[in-house]
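Heads up, the thing below is written out as structure tokens.
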Amino acid sequence: MFFRRARADRAFREAQRAGYELLQMHAEWPLPDPASGAETLAAPQTPPSDFLPPGLRVPSRQDVAGLMMRWLQPLVVDGEVRTCPECGAYRDWIVLCLRDDSVWLRCRAGHTTKEPGLDAAWYNRHSGPADRFHPTLEEGLRHLGH
């Protein structure tokens with residue numbers, strides 16, 4: 001049993017050394033010789049300033065008033081379930097992240113409260129990519145089913 005472990009350790013060290021040697025070999029790629037003329041490097045081209053035409057660009061975070069997502073399950077912040085202070089709802093929220101990085105919760109009944117325990121970093125961790133952009137809050141809420 002002891003020899004099996006020593007053999008496995010030796011094989012692992014040899015694999016590490018071989019990998020390290022390969023890394024060292026690739027780190028020293030020969031640069032083309034400009035005097036030989038066989039390989040000439042093209043002059044670096046500057047990329048265009050705007051890759052996409054204006055009609056295809058996605059608005060940046062500063063261009064929109066905020067982002068929203070649906071949160072169906074109960075929302076637990078700091079170990080306690082958040083409830084609407086007006087109607088007592090505890091699930092099926094719309095979570096709004098505004099431009100100033102504040103997070104607001106909107107219940108199914110339309111009551112909106114600021115949530116100080118959540119921030120834009122929490123929203124970014126839990127939200128997916130934006131699939132649509134809406135000109136008004138009402139259209140966004142309608143899209144999300146509220």
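None of the figures in this text is laboratory data; all of them are computed from the coordinates on show. The structure presented is a predicted model; accordingly, all values stated were derived computationally and were not measured. Cβ coordinates were reconstructed from backbone atoms using ideal geometry, including for glycine residues, and neighbour counts include every protein chain displayed.
Just to confirm the filter: which trypsin sites (Lys or Arg not before Pro) across region 65-146 are DSSP coil and have at most 13 other Cβ within 10 angstrom of their Cβ?
Numbers: sites: 70, 82, 91, 99, 106, 108, 114, 125, 132, 142; in loops: 82, 91, 99, 108, 132.
Taking region 65-146 and a limit of 13 other Cβ atoms within 10 Å, the loop trypsin sites (Lys or Arg not before Pro) found are 99, 132.
Site pair residue 78 and residue 5 shows an inter-label distance of 4.8 nm when each label is modelled 7 Å from Cα along Cα→Cβ. If you take all other residues with their beta carbon under 11 Å from the beta carbon of residue 108, and give Lys and Arg +1 and Asp and Glu -1, the sum is +2.
A Förster radius of 35 Å, combined with the Cβ-Cβ distance separating residue 131 from residue 24, puts the computed FRET efficiency at roughly 0.15. Placing a label point 7 Å from the Cα of residue 124 along the Cα-to-Cβ direction, the residues of region 79-109 whose backbone N falls under 15 Å of that point are 97-103.
Residue 13 to residue 69: extension gain in nm, 0.36 nm per residue of separation minus the Cα-Cα distance? Please report the intermediate quantities before stating the final value.
Values: separation 56, 0.36 × 56 = 20.16 nm, distance 4.95 nm.
Stretched fully, the residue 13-residue 69 segment lengthens by 15.2 nm.
Neighbours of residue 64 by Cβ distance under 12 Å: Lys/Arg scored +1, Asp/Glu scored -1, total +2.
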